[in-house]
Amino acid sequence: MTAQVTFRQADERDLDLLVGLFDGLAHWMVRNGIEQWQPGAKSAEHFRARIAAGEVWLACLGGRVVGAYELWWEDEQAWGPQPPVAGYVHRLMTDRETAPAGTGRVLLAHAEERIAARGRAVSRLDSMTSNPRLRTYYEAAGYRVVGEEPGKLAADGTLYGVLLWERPVTRP
């Protein structure tokens, strides 16, 4: 990636932008036969709660937001009770129209740096069991499957299976 991506924490002024980024990527997934997200599944209230509870980061390039992710410090729904050794990456999103190739990896690297700076040794995330494209992507990024949660609860009350991924991170 030739241009420099910068990061800033999202705040309440970014709610519409985050919903639009999520929906745009969800529409792209549906068009491309990728089973992961559905348009309309994350509202401004979701992002408001995530901003209040932890960290939501925006990736900017040339003054334009090209990606975002959520960083959680616990994720009992997917991982169960855990000691405080990991950070949990959620909603890794890129703008499929404006983000240069490699932006997803830049987002992951930023999340891993944040996790390490917090003194935690592991970056964790999950993806739907039925999504082979993400499996290939995360394996290429150095993540490995360490488990599966067959009954993760969706916001609409349905259950779905997820693969549990992790990668060691090192302090800067």
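Values quoted throughout were computed directly from the atomic coordinates according to the rules given, and no laboratory measurement underlies them. This is a predicted model, so every value here is computed, not measured. So basically every Cβ, Gly included, is an ideal-geometry build from the backbone, and we count neighbours across all protein chains shown.
Results, tabulated for the structure shown:
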read-out	value
Most fluctuating residue given options ARG64, ARG96, ARG31, as computed from a GNM of the chain linking Cα atoms under 10 Å	ARG31
Built amide H within the under 5 Å cut-off of ALA10, gap 5+	VAL56, TRP57, LEU58
From phi via Karplus (6.51, -1.76, 1.60), per-residue ³J(HN,Hα) for the range 144-151 in Hz, x at Gly/Pro	10, 6, 10, x, 9, 10, x, x
Nonlocal amide H pairs with THR129, under 5 Å, H built at 1.01 Å	GLY161, VAL162, LEU163
The range 127-132 - phi-based ³J(HN,Hα) in whole Hz, Karplus 6.51/-1.76/1.60, Gly and Pro as x	9, 4, 4, 8, 10, x
Average projected area [Cα convex hull, the range 86-172], square nanometres	6.5
Computed magnitude of the charge dipole of the chain (debye, nearest 20; Cβ of K, R +1, Cβ of D, E -1)	480
Amide H contacts under 5 Å for VAL66, placed H, 5+ residues apart	ALA59, CYS60, LEU61
Karplus (6.51, -1.76, 1.60) ³J(HN,Hα), θ = phi - 60°, over the range 43-48, in Hz, Gly and Pro reported as x	9, 4, 4, 4, 5, 4
Dipole magnitude (debye, nearest 20) for the range 118-172, charges at Cβ of Lys, Arg, Asp, Glu	360
Check: the range 1-49 dipole with +1 on Lys, Arg Cβ and -1 on Asp, Glu Cβ, in debye	120
